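In what follows, a single structure is set out as structure tokens and then discussed.
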Amino acid sequence: MDFSKAIPKYLAEKGNQIWLVLFTAAFSLIFINLFEPYGSRDWIRGGMSDTKYFLLSSLLVLIGMVIVSISRVIFYHRCVKLRRPIAIWAYLLWIIAELVAISFAFSILEIFFFHDAREFSVLLKISLRNTACILFLPYAFSWLYFSWRDKDRRLKAISDYRAVHGKPAPTEQDKQMVNFFDAKGELKLAINVNDLLYIKGADNYLTVHYRDGQKTSSSMIRGTFKSIEDDMRSNGIIRCHRSYMVNRRHVRIFEKSKDGFVVKLDSPTPVSIPVSKNYSQDVFELFGQ
């Protein structure tokens with residue numbers, strides 16, 4: 001798995017976020033009450049009755065549910081509303097941060113409500129271990145379930161399309177649009193990913209070059225590479241120079257010139273794009289080097 005890639009879109013879907021929170025809460029409550037892990041029955045000196053234990057575990061699950069809910073609202077707002085998806089490695093760190101936040105809350109609860117005399121660092125370490133063990137299964141199962149459901153949904157869409165039209169459905173790449181937004185989040189330009197050729201950046205402006213029938217056209221928008229690089233990379237548009245990004249679908253020739261390496265595109269008008277040393281590795285990977 002390439003952890004630098006953007007997370008799959010299904011992980012940020014609103015319905016999946018709600019499902020994750022509810023499933024994790026239900027799983028945790030059932031698991032704690034069935035198996036009483038980590039000596040949880042003896043967290044209070046003298047032990048607890050079944051009713052008291054259930055109420056306590058429900059309180060702990062509720063606290064965890066509130067923390068995860070707040071986290072997922074922020075996550076959804078960033079990835080969907082602001083259209084700023086994160087990489088897989090960053091998503092894993094996000095999950096770890098959720099575990100730490102839940103463990104922190106549990107440790108405080110144990111000190112102030114259960115009057116545990118142990119040091120906070122010791123309680124936090126124990127809470128981290130216990131929380132991670134309990135939440136690992138629902139988090140992992142949810143990810144696998146979301147992936148399976150997304151693939152099943154795609155296969156069904158292809159099957160339905162073939163049944164109606166009698167021919168293969170267009171691929172995601174055929175349908176996918178690359179969107180460019182301004183600083184306020186308003187859509188300024190949308191281009192089919194297969195028509196986009198390259199992007200040139202200068203100061204705070206980007207010039208997007210694309211195929212328009214049998215000719216090449218361009219549009220200028222306000223923005224920087226930094227604000228679009230993650231989204232472009234997830235669409236196969238890579239940085240090859242401090243001033244250029246190129247659509248890997250249109251790279252046909254990679255050669256050494258007297259001024260360094262260049263890539264040539266299969267555009268209606270011949271185009272050569274310089275490749276700088278700092279970004280050469282991404283271009284080399286296009287050719288399996």
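The values are calculated or read from the model by the stated rules, or taken from the named source; none is laboratory data. In this text, all values refer to a predicted model and were calculated from it rather than measured experimentally. Positions of Cβ are backbone-derived with ideal geometry, glycine not excepted, and every protein chain shown enters the neighbour counts. Areas reflect the complete protein model, heavy atoms only, side chains present, ligands, DNA and RNA absent. Shrake-Rupley method; radii C 1.70, N 1.55, O 1.52, S 1.80 Å.
Counting only protein heavy atoms and a probe of 1.4 Å, the accessible surface of the chain is 60% carbon and sulfur. May I ask you to derive the FRET efficiency for Lys81 and Leu155 from their Cβ-Cβ distance with R0 = 45 Å, giving the value to the nearest 0.05? Plugging the Cβ-Cβ distance into 1/(1 + (r/R0)^6) gives 0.95. Once the chain from Phe141 to Leu55 is taken as fully extended at 0.36 nm per residue, the excess over their C-alpha distance is 28.3 nm. Solvent exposure of the chain, expressed per residue, is 61 Å² of accessible area, with all protein chains present and a 1.4 angstrom probe. Net charge of the neighbourhood of Leu187, taken over other residues with C-beta under 14 Å away and scored Lys/Arg +1, Asp/Glu -1, is +2.
If a spin label sat at a point 7 angstrom from the Cα of Ser276 along the line to its beta carbon, the backbone N atoms of the stretch 220-244 nearer than 16 Å would be those of 224-229, 238-244. Show which lysines lie in cross-link reach of Lys151 when reach means a straight Cα distance below 18 angstrom and same-chain residues fewer than eight apart are skipped. Cross-link targets: Lys9, Lys14, Lys175. If you plug the beta carbon distance of Ser257 and Met177 into 1/(1 + (r/R0)^6) with R0 = 30 Å, you get a FRET efficiency near 0.35. If R0 is taken as 30 Å, the Cβ-Cβ distance between Glu186 and Asp2 corresponds to a FRET efficiency of 0.45. Placing dummy labels 7 Å off each Cα toward the beta-carbon, the span from His115 to Ala202 is 7.4 nm. Within the shell of other residues whose beta carbon sits under 9 angstrom from the beta carbon of Ile88, the net charge comes to 0, with Lys and Arg scored +1 and Asp and Glu -1.
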